[in-house]
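The values are calculated or read from the model by the stated rules, or taken from the named source; none is laboratory data. On a predicted model such as this, the values are computed, not experimentally measured, just so you know. Neighbour counts are summed over all protein chains in view; Cβ atoms, including those assigned to glycine, are modelled from backbone coordinates with ideal geometry. Side chains included, ligands, DNA and RNA excluded: accessible areas come from the protein's heavy atoms. Shrake-Rupley method; radii C 1.70, N 1.55, O 1.52, S 1.80 Å.
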Amino acid sequence: MSSHIAPTDEKNANGSTGSELGTLDSLDMTPDQERAIKRRITIAIVPYSTFLYVNIGQARLAGLEKDLHLKGNQYDIALTVFFASYIFFEVPSNPALRWLKPHRWICFTMLSWGLVMTLMGVVNDFGGLTAARLMLGLAESGLLPGIALLLTTWYNRNEQNFVISLLSAAASLAGAFGGILAFGIRHMDGVGGKGGWAWIFILEGIVTFLCAIPAWWLIPDFPEDHRVLKGIDRERWLHRLAKNQGVTNAPLPFSWRQVRRAFTDWRTHVYALLYIGIAEPVYSLSLFMPTIIKELGYTNANATLLSVPPYVFAFITTLSVAIASDRLVQRGIFIIGGMLTVIVGYAILIANVSTGVKYFALFLCVGGASPCVATATTLIGNYGPVYTRAAAMGFFFSVGNCAAIISSNIYPNSTAPRFIRGHSIAVAFSFMTIICVSILMASNWRENARRDRVYGVVAPDGSDAHPRKVLTPEQKVTWGLEGLSELEIIELGDRHPGFRYIL
């Protein structure tokens, strides 16, 4: 077991023993050292994500349906099959990332995504589009869960919302500039005998593929690996993480027991319902916002451009909420606030009000829902050990993204221009999210209070659950774990008495 949790008498990456490195306190870093490493990791992970989101809603307005002779609900079917493969492969993708290493898995995922996206530009009928969308879902399935899991292992719990929000905000910004890009590319209609929609896929696919190549060298692996940090720097960073995340982030060998634990924990299923409640309005807006704006009375071109400002607003709200959430170390209250904003927005869209007011409502919907995606994702930081967290996060995204199948089929053209059915369903899912997050907040608060009452109040920085501390004979007695082995203590993860949940 000792080879996995780096105890103080183990030889480290630089050949020094833990005793030579000094006490745990001697491994504390200065603020400048922390900022330098965080900056390196953030630059290595986040920028790539900005190139990996293309909105098929833009292609619809660029003539895809007409050129491929799509009829009835064939366009909606093409949207739906993407999520069949996407959802199915999200659960095994994170354990695969742990096994294959992030730089290999993320690079492979991005290369595959770019290649399939490019080939989507050469399809010429409904069957080809459907097959391409199915393969695109398979290629894309491992990216977001993988990057999210990677970020939770590199950052303290009170930092995770901001760094994951950078990814989510990049998606919002990509949606905004994707609209501008699509507006420009649509004017290539007819070039090379291809429609504007085909050039959207081809050019954005090529960009994604080219940006994926450096990921093999630049994407970091997990903190315990030697790819980014070595020697004393590695020990210091691992110590910093251990102080904050306790035994939940301690590297362990794979075991099916850890995976099963994720699925037998009732909270996993409530988290999944919480996420599907957020994802449904997010996907609805992502897929159909240009269409919704068009039905407000704007032309196709103007609808594409008018989809940009709400996503710019979402970029701002996502980062603002993340900063506040991390500073207060609170998650649930911000999710509740965001989803209430979404409900107000959709209520305005359903109402019989002016076009300008309805367009304003789109800002509320996008600006309220987007911050909730990252904030809900960081709640998985309450899980441990690492393979339990990986499996829970995969299930979280897999079930949650079933919302995309729903969203793809609730905005038929026959319900235009008010789309009352689609908007009403989004309101219902938003209410479900508020109920789920309230249940989780109450449960986590009650368990934290129980542990405080039984074992005493722990240090605010989480250091009482430090893997090196909890294995000492004195600490085993303190936590009532005398009869457990080192492996069993570390595998307690978030169930360790010294761990406290973020609400």
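A quick yes/no check of all residues on (1) touching a His at 6+ places or on another chain (Cβ under 7 Å); (2) part of a helix (DSSP H, G or I); (3) farther than 19 Å from ASN382 by Cβ:
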| position | (1), (2), (3) |
| --- | --- |
| LEU97 | no, yes, yes |
| PHE108 | no, yes, yes |
| THR118 | no, yes, yes |
| VAL122 | no, no, yes |
| ALA131 | no, yes, yes |
| MET135 | no, yes, yes |
| PRO145 | no, yes, no |
| ARG157 | no, no, no |
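Does ARG240 satisfy the criteria of being of a type outside the set (A, V, I, L, M, F, W, C), without any contact (Cβ under 8 Å) to a residue 24 or more places away in the chain and either over 25 Å from TYR501 (Cβ atoms) or open to solvent by 20 Å² or more (accessible area, probe 1.4 Å) (or both)? Lay out the reasoning, then the answer.
Working: of a type outside the set (A, V, I, L, M, F, W, C): yes; without any contact (Cβ under 8 Å) to a residue 24 or more places away in the chain: no; either over 25 Å from TYR501 (Cβ atoms) or open to solvent by 20 Å² or more (accessible area, probe 1.4 Å) (or both): yes.
For ARG240, the condition - of a type outside the set (A, V, I, L, M, F, W, C), without any contact (Cβ under 8 Å) to a residue 24 or more places away in the chain and either over 25 Å from TYR501 (Cβ atoms) or open to solvent by 20 Å² or more (accessible area, probe 1.4 Å) (or both) - is not met.
Quick one: is ALA198 at pLDDT 80 or above, among the small types (Gly, Ala, Ser) and under 29 Å from PRO310 (Cβ atoms)? Please lay out each step first, then the result.
On the way: at pLDDT 80 or above: yes; among the small types (Gly, Ala, Ser): yes; under 29 Å from PRO310 (Cβ atoms): yes.
Criteria met by ALA198.
Just to be sure I understand the filter: pairs with C-beta atoms under 7 Å, separated by 6 or more residues or on different chains, first member in segment 126-154 and surrounded by fewer than 20 Cβ atoms within 10 Å (Cβ to Cβ), second member not in a helix (DSSP H, G or I). Which pairs pass?
From residues that are surrounded by fewer than 20 Cβ atoms within 10 Å (Cβ to Cβ), the pairs are PHE126/LEU68; PHE126/LEU70.
Determine whether PHE431 is part of a helix (DSSP H, G or I) and open to solvent by less than 10 Å² (accessible area, probe 1.4 Å). Quick ask: steps written out before the conclusion?
Numbers: part of a helix (DSSP H, G or I): yes; open to solvent by less than 10 Å² (accessible area, probe 1.4 Å): no.
For PHE431, the condition - part of a helix (DSSP H, G or I) and open to solvent by less than 10 Å² (accessible area, probe 1.4 Å) - is not met.
So is ASN448 assigned to a loop (DSSP other than H, G, I, E, B), of a type in the set (S, T, N, Q) and under 28 Å from the mean Cα position of the chain (by Cα) or not? Talk me through it step by step, then tell me what you get.
Values: assigned to a loop (DSSP other than H, G, I, E, B): no; of a type in the set (S, T, N, Q): yes; under 28 Å from the mean Cα position of the chain (by Cα): yes.
So ASN448 fails the test.
Kindly indicate whether any position in segment 259-267 is without any contact (Cβ under 8 Å) to a residue 12 or more places away in the chain, among the charged types (D, E, K, R), part of a helix (DSSP H, G or I) and over 26 Å from LYS358 (Cβ atoms).
Step one: list which residues in segment 259-267 are without any contact (Cβ under 8 Å) to a residue 12 or more places away in the chain, which gives 260, 264, 266.
Those still in the list that are among the charged types (D, E, K, R) too: 260.
The next check asks that each one be part of a helix (DSSP H, G or I); those that pass are 260.
Subset that is over 26 Å from LYS358 (Cβ atoms): 260.
Yes: segment 259-267 contains one or more residues that are without any contact (Cβ under 8 Å) to a residue 12 or more places away in the chain, among the charged types (D, E, K, R), part of a helix (DSSP H, G or I) and over 26 Å from LYS358 (Cβ atoms).
Against the condition in contact (Cβ under 8 Å) with a residue 24 or more places away in the chain, out of contact with any strand residue (DSSP E or B) (no Cβ under 7 Å at 6 or more places or on another chain) and at positive phi, how does GLY462 come out, does it pass?
Working: in contact (Cβ under 8 Å) with a residue 24 or more places away in the chain: yes; out of contact with any strand residue (DSSP E or B) (no Cβ under 7 Å at 6 or more places or on another chain): yes; at positive phi: yes.
So GLY462 passes the test.
Quick test for you: out of ILE185, ILE232, ILE206, ILE164, pick the one residue that is out of contact with any strand residue (DSSP E or B) (no Cβ under 9 Å at 6 or more places or on another chain), β-branched (Val, Ile, Thr) and either at pLDDT below 75 or in a loop (DSSP other than H, G, I, E, B) (or both). Quick ask: steps written out before the conclusion?
Numbers: ILE232 fails: either at pLDDT below 75 or in a loop (DSSP other than H, G, I, E, B) (or both); ILE206 fails: either at pLDDT below 75 or in a loop (DSSP other than H, G, I, E, B) (or both); ILE164 fails: either at pLDDT below 75 or in a loop (DSSP other than H, G, I, E, B) (or both).
Going through ILE185, ILE232, ILE206, ILE164 in turn, the sole match is ILE185.
A quick yes/no check of all residues on (1) hydrophobic (A, V, I, L, M, F, W, C); (2) modelled with pLDDT of 85 or more; (3) in contact with a helix residue (DSSP H, G or I) (Cβ under 8 Å, 6 or more places away or on another chain); (4) farther than 30 Å from VAL247 by Cα:
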| residue | (1), (2), (3), (4) |
| --- | --- |
| LEU306 | yes, no, yes, yes |
| PRO309 | no, yes, yes, yes |
| VAL321 | yes, yes, yes, no |
| VAL329 | yes, yes, no, no |
| LEU340 | yes, yes, yes, yes |
| ALA347 | yes, yes, yes, yes |
| TYR359 | no, yes, yes, yes |
| ALA369 | yes, yes, yes, yes |
| ILE380 | yes, no, yes, no |
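Any idea how many residues of segment 292-347 are open to solvent by 40 Å² or more (accessible area, probe 1.4 Å) and assigned to a helix (DSSP H, G or I)? Walk me through how you get there before you give the answer.
Kept after step one, since they are open to solvent by 40 Å² or more (accessible area, probe 1.4 Å), are these residues of segment 292-347: 294-295, 297-300, 302, 305-306, 309, 312-313, 315-316, 320, 323, 327-330, 333-334, 340-341, 344, 347.
Next cut, assigned to a helix (DSSP H, G or I) only: 294, 300, 302, 305-306, 309, 312-313, 315-316, 320, 323, 327-328, 333-334, 340-341, 344, 347.
Selection size over segment 292-347: 20.
For segment 353-365, state whether one or more residues are without any contact (Cβ under 8 Å) to a residue 40 or more places away in the chain, in a helix (DSSP H, G or I) and open to solvent by less than 40 Å² (accessible area, probe 1.4 Å). Lay out the reasoning, then the answer.
Within segment 353-365, the subset without any contact (Cβ under 8 Å) to a residue 40 or more places away in the chain is 353-354, 356-357, 360-361, 364.
The next check asks that each one be in a helix (DSSP H, G or I); those that pass are 356-357, 360-361, 364.
Still in the running and open to solvent by less than 40 Å² (accessible area, probe 1.4 Å): 361, 364.
Scanning segment 353-365, I find at least one residue that is without any contact (Cβ under 8 Å) to a residue 40 or more places away in the chain, in a helix (DSSP H, G or I) and open to solvent by less than 40 Å² (accessible area, probe 1.4 Å), so the answer is yes.
So which of VAL81, VAL91 is closer than 22 Å to LEU285 by Cα, touching a residue at least 12 places away in the same chain (Cβ under 8 Å) and either in a helix (DSSP H, G or I) or under 19 Å from the mean Cα position of the chain (by Cα) (or both)? Steps first, please.
Details: VAL91 fails: closer than 22 Å to LEU285 by Cα.
The match here is VAL81.
With the requirement that a residue be under 18 Å from the mean Cα position of the chain (by Cα) and either of a type in the set (Lys, Arg) or over 14 Å from CYS372 (Cβ atoms) (or both), what does segment 296-328 give you?
Kept after step one, since they are under 18 Å from the mean Cα position of the chain (by Cα), are these residues of segment 296-328: 311, 314-323, 325-326.
Across segment 296-328, the qualifying residues are TYR311, PHE315, ILE316, ILE323, ASP326.
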